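Peer 1: Okay, here's the structure, questions in a sec.
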Amino acid sequence: MEKLYSVKTSLFFFIILLSSICIAQENYIVFKVDGTPILKHNDTLRSISKGSLLNNNSRVTLKNSDSFLMIDKAGSLYNVDKTGDYAYADLQKIPADVDDTSFTKKYFTYVWKQFTNNTNSRSKGGVVYRVDNNSLMFQPTDSVKIYFPEVRFVWKKGKEKDKTYYFILKDLKNNNITKIGTTDNNVTLFVDNNILKRDNSYEWTVSETKYPNLDEVPFYNFELINTEEFKKLQAEINNITTDLQKLGFTPEEIKVMLCEDYRICY
Amino acid sequence: MKLKTKLLIKDSFFATLFSYILIFLLSYLFINLSFFKPLKETMKDFSFLDVYYSENFNPSNTVNNDIIIINVEQRDRFEIAQLLEVVKKEQPKVIGLDIIFREQKESFIDSLLTKALDGNNIITSFLINNDSIITNNPVFKTSGKSGFINLNFNNKTNVIREFTSIKNIEDTNYNSFASQIVTSYSASKWEEYNYSQKLSKEKVIKFHGNYDTFLTFGFDEFMQNNNKELIKNKIVLLGYLGTPTGNINDVEDKHFTPLNKVTAGKSNPDMFGLVIHANIINMLLKNDFMYRVSNLWIGIITFITTFFSIMYFHWLGEKNTIRFMTIKKIVLFLFSVILMWLSLWLFKKGIILKTAAIIGITLASCSFISYYKYLIKLIQTKIKWKSYIQ
């Protein structure tokens, strides 16, 4: 009887412990992310995204200019913006964001602004801005045929050094999408029958936002041709090459011209 | 009480009444002259208390993580059906759809959508338009509840400050979208807070913030998210938040609210309808309401402030000296600034005290003091009239 009692008691405490662990989990939800902070969760690594759950098993790494906002169960906001590694215990030490400016100070600042006309200018410019991704993508250019064991994708980079760009590759055969985030301005992929396959067509783009609307983002198209198709094009390439050689262009310059103007890169 | 004090009180009282008569006559002209119509139209949507939101007097350092908003962007019915299936799989407590599928389109896709819409926890929406109802096509009939998505029925203003929970049309009561969501999410809270009674009249919305103060996801952002389980047992709202999410130039289903940075004059609408619903739901879940000071109390306060201001200025200056004029202007300025501070402070505490009438009438009354003095002197030439004014 006594044994049964002790088993019951142990079971009770075990359930309490288990439930407290379960409750302790999912302590924070990621609300906003800037950059690509890395989340290590039970030996798996992935970048933090909105909605990521941070609990006892989570470890977060922030590089330069990475930051994120997280919320607890009560809805309080916590700003994590300093570079470094954060264990869950470190995250718990971060104080909640509190707006401690006094109400009266805010009010009289507002009154002062009104009296000194120190308000935002409402001047308007009659202009439309055309900012599209075409200006971001450099190479490979649109609608090219590529016969090469690797493809180097290059795009324009802004002034912000640590800004993350999202390279998106769409396989037109099966509509698979590969997305790579990088702070660099290029990425090289190999024709290894894994991501890139011969005899297949692709579209690529670069976005400054993590989740762009793919229906609206412009894509560049390219085709990875096989040896047979390249041989078919060879006669045409030879003709152009001969003409260009006569004009004094080097073989390297001719390759660049063929790629840029005739849309055949090899 | 000294005779002089008695006379001061008597004069202040009569001066207050006199100024009210003049204000009434002037306001009558103001209302009826079409010359002032543009001014009236401008003032129609203005409330000084909007400054509370537009100038960020409200510290919104919290997020209600019980409400999750997903933007359906310009996605078609097939994609919305897919989204619904994915959301349902994660077992949220309530799914609210701020979308009306008015007509039938492709029958196959519509059948997928009908299937996706089926569920007791799915709240659909309808619109009350001049006592007629615009609702989903009958093919999308669901087992869940439905609520009206009209934000208010007040035609006097374009700014959404209040909401109606129950609307009676031809002896039938209809519940609002937000109310249906809250009852489905927590029937016990609905009972506990006695909302059936409390929400029988229009209520002022206590705004938590715009879309960026809620946990919002774009369509792809949600579909590609690895942490969809976070919506379990939560309220998920599906509707339009612009393309892309939060696009300031996208005005579809966007409305004027007190959060608009431009408090008077021409501006763009600032908040998507779905976010207004989210604010109402947030307010109902937290039982965090605003209480309005009645017009009777505003009248009493106005009378008191007018009476004492006139009394003070009678006591201060018997002649229109420079000193008197300067002090009068400073005192009235400080009175306006402090009263506006008080009204904003009370607003922060959840009490709506509209000070425009109090300030306006008090200032106008004080400007009529010299007319009253002239009138008294005129009377004194005709009859014997004891007055504080010499």
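Peer 1: Hey, any idea what Rg/Rh is for region B:181-301, computing Rh the Kirkwood way over Cα pairs?
Peer 2: Value, to two decimals: 1.03.
Peer 1: If you take the Cα Rg of chain B and divide it by 2.2 N^0.38 Å, with N the number of residues, what do you get?
Peer 2: Output field value: 1.30.
Peer 1: How big is the C-alpha Rg of the protein assembly as shown next to the rule-of-thumb value 2.2 N^0.38 Å, as a ratio?
Peer 2: Normalised Rg, Cα atoms only: 1.31.
Peer 1: Next question, about the same structure. List the lysines whose Cα sits under 25 Å from the Cα of B:LYS377, skipping any in the same chain fewer than 8 residues away.
Peer 2: B:LYS2, B:LYS4, B:LYS6, B:LYS10, B:LYS319, B:LYS328, B:LYS329, B:LYS386
Peer 1: In addition: Can you list the aspartates and glutamates whose alpha carbon sits under 14 Å from that of B:LYS349, skipping same-chain ones fewer than 8 residues off?
Peer 2: Filter leaves B:ASP288.
Peer 1: Please report the antiparallel percentage of the DSSP beta bridges confined to chain B, to the nearest 5.
Peer 2: Among the beta bridges of chain B, antiparallel pairing accounts for roughly 35 percent.
Peer 1: In whole Å, how far is the Cα centre of region B:360-385 from that of region A:197-264?
Peer 2: Value for the Cα centre distance between the two parts: 92 Å.
Peer 1: Expressed as a whole percentage, what fraction of the accessible surface of the protein assembly as shown belongs to carbon and sulfur atoms when a 1.4 Å probe is rolled over the protein heavy atoms?
Peer 2: Carbon and sulfur atoms account for 56 percent of the accessible area of the protein assembly as shown.
Peer 1: Sorted by packing (mean other beta-carbon atoms within 10 Å per residue), highest first, where do B:98-105, B:10-17, B:56-63, A:93-100 land?
Peer 2: B:10-17, B:56-63, B:98-105, A:93-100
Peer 1: Work out from phi, with θ = phi - 60° and the Karplus expression 6.51 cos²θ - 1.76 cosθ + 1.60, the ³J(HN,Hα) of each residue of region B:217-231, listed in order in whole Hz, and give x for Gly and Pro.
Peer 2: 10, x, 4, 5, 4, 7, 4, 8, 6, 8, 10, 5, 5, 5, 8
Peer 1: Next up: Give me the inter-chain shielding for B:59-71: mean count of other chain Cβ atoms within 10 Å, whole number please.
Peer 2: 4
Peer 1: If you stretched the chain out fully between A:SER76 and A:THR109, how much longer would it get, using 0.36 nm times the residue separation minus the C-alpha to C-alpha distance?
Peer 2: Fully extending the segment from A:SER76 to A:THR109 adds 9.2 nm.
Peer 1: Please give the net charge around B:ILE122, taking every other residue with its beta carbon less than 10 angstrom from that of B:ILE122, where Lys and Arg add +1 and Asp and Glu add -1.
Peer 2: Counting the neighbours of B:ILE122, the net charge comes to +1.
Peer 1: For the pairing of chain B with chain A, what total accessible surface becomes buried, with a 1.4 angstrom probe, in square angstrom to the nearest 100?
Peer 2: Using a 1.4 Å probe on protein heavy atoms, the buried area is about 3000 Å².
Peer 1: Sticking with this one: Quick one: 3J(HN,Hα) in Hz for region B:58-64, Karplus 6.51/-1.76/1.60 with θ = phi - 60°, rounded, Gly and Pro as x.
Peer 2: These are the phi-based 3J(HN,Hα) values: 8, x, 9, 9, 10, 10, 7 Hz.
Peer 1: Test of understanding: extend the Cα→C-beta vector of A:PHE190 to 7 Å, then name every residue of region A:133-169 with backbone N under 18 Å from that spot.
Peer 2: A:147-153
Peer 1: Compute for region A:99-266: radius of gyration divided by Kirkwood radius, i.e. Rg/Rh, restricted to C-alpha atoms, rounded to two decimals.
Peer 2: With Rg and the Kirkwood Rh in hand, the quotient comes to 1.24.
Peer 1: Given Cβ point charges of +1 (Lys, Arg) and -1 (Asp, Glu) and nothing else, what value in debye, to the nearest 20, does the dipole of region B:72-117 about its Cα centre take?
Peer 2: For this selection, approximately 200 debye.
Peer 1: Next question. Which order do A:ARG198, B:ARG75 take when ranked by solvent-accessible area (1.4 Å probe, heavy atoms of all protein chains), largest first?
Peer 2: Accessible-area ranking of A:ARG198, B:ARG75, largest first: A:ARG198, B:ARG75.
Peer 1: Separation between the B:PHE333 and B:ASN137 pseudo-spin-labels, each 7 Å from Cα along Cα→Cβ, expressed in nm?
Peer 2: With each label point 7 Å from Cα toward Cβ, the separation is 6.6 nm.
Peer 1: Using unit Cβ charges (K, R positive; D, E negative) and no other charged atoms, how large, in debye to the nearest 20, is the dipole of the protein assembly as shown about its Cα centre?
Peer 2: Here the protein assembly as shown has a charge dipole of around 4540 debye.
Peer 1: A further question on this structure: Semi-axes, largest first, in whole Å: what does sqrt of 5 times each Cα gyration tensor eigenvalue give for region A:174-266?
Peer 2: Whole-Å semi-axes of the equivalent ellipsoid: 31, 17, 12.
Peer 1: Related question: So how strong a dipole does region A:99-266 carry about its Cα centre when Lys and Arg Cβ are +1 and Asp and Glu Cβ are -1, to the nearest 20 debye?
Peer 2: Using Cβ point charges on Lys, Arg, Asp and Glu, region A:99-266 gives about 880 debye.
Peer 1: Could you work out how much longer the chain between B:PHE78 and B:LEU7 gets when fully extended? Use 0.36 nm per residue separation minus the Cα distance between them, nm to one decimal.
Peer 2: Going from the current span to full extension adds 17.5 nm.
Peer 1: B:TYR53: accessible area at probe 1.4 Å, nearest 10 Å²?
Peer 2: Accessible area, nearest 10 Å²: 10 Å².
Peer 1: Let me ask something else. Go through B:LYS203/B:LYS234; B:LYS88/B:LYS141; A:LYS179/B:LYS89; A:LYS105/B:LYS156; A:LYS106/B:LYS286; B:LYS201/B:LYS286 and tell me which ones have a Cα-Cα distance over 29 Å in this structure.
Peer 2: Beyond 29 Å: A:LYS105/B:LYS156.
Peer 1: Rounded to the nearest 0.05, what FRET efficiency do B:MET325 and A:VAL98 have when you use their Cβ-Cβ distance and R0 = 51 Å?
Peer 2: 0.65
Peer 1: Okay, next question. At what distance in nm do the modelled label points of B:GLU170 and A:ASP85 sit from each other, each positioned 7 Å from its Cα along Cα→Cβ?
Peer 2: Each label point lies 7 Å from its Cα, and together they span 7.1 nm.
Peer 1: For chain B, what does the accessible surface come to per residue with a 1.4 Å probe? Please give it in Å².
Peer 2: 51 Å²
Peer 1: Between B:ASN247 and B:ILE383, how high is the FRET efficiency from 1/(1 + (r/R0)^6) when r is the Cβ-Cβ distance and R₀ = 45 Å? Nearest 0.05.
Peer 2: Calculated value: 0.05.
Peer 1: Using θ = phi - 60° and the Karplus form 6.51 cos²θ - 1.76 cosθ + 1.60, what ³J(HN,Hα) does each residue of region A:198-211 get, whole Hz, x for Gly and Pro?
Peer 2: In residue order, the calculated couplings are 5, 6, 9, 10, 9, 10, 9, 8, 10, 10, 8, 10, 5, 10 Hz.
Peer 1: As a test of reading the structure, rank B:GLU192, B:GLU252 by solvent-accessible area (1.4 Å probe, protein chains only), most first.
Peer 2: Putting B:GLU192, B:GLU252 in descending order of accessible area: B:GLU192, B:GLU252.
Peer 1: Hey, another quick one. According to a simple spin-label model (label point 7 Å from Cα along Cα-to-Cβ), what is the distance in nm between B:ASP118 and B:PHE289?
Peer 2: Computed distance between label sites B:PHE289 and B:ASP118 equals 4.0 nm.
Peer 1: Taking R0 as 41 Å, what FRET efficiency do you get between B:LEU25 and B:ILE351 from their Cβ-Cβ distance, rounded to the nearest 0.05?
Peer 2: 0.80
The values are calculated or read from the model by the stated rules, or taken from the named source; none is laboratory data. This one's a predicted model, so the numbers in the text were calculated from it and none came from an experiment. Ideal geometry is used to build each Cβ from the backbone, glycine not excepted, and the neighbour counts take in all protein chains shown. Protein only, heavy atoms only, side chains kept; ligands, DNA and RNA dropped before computing areas. Shrake-Rupley method; radii C 1.70, N 1.55, O 1.52, S 1.80 Å.
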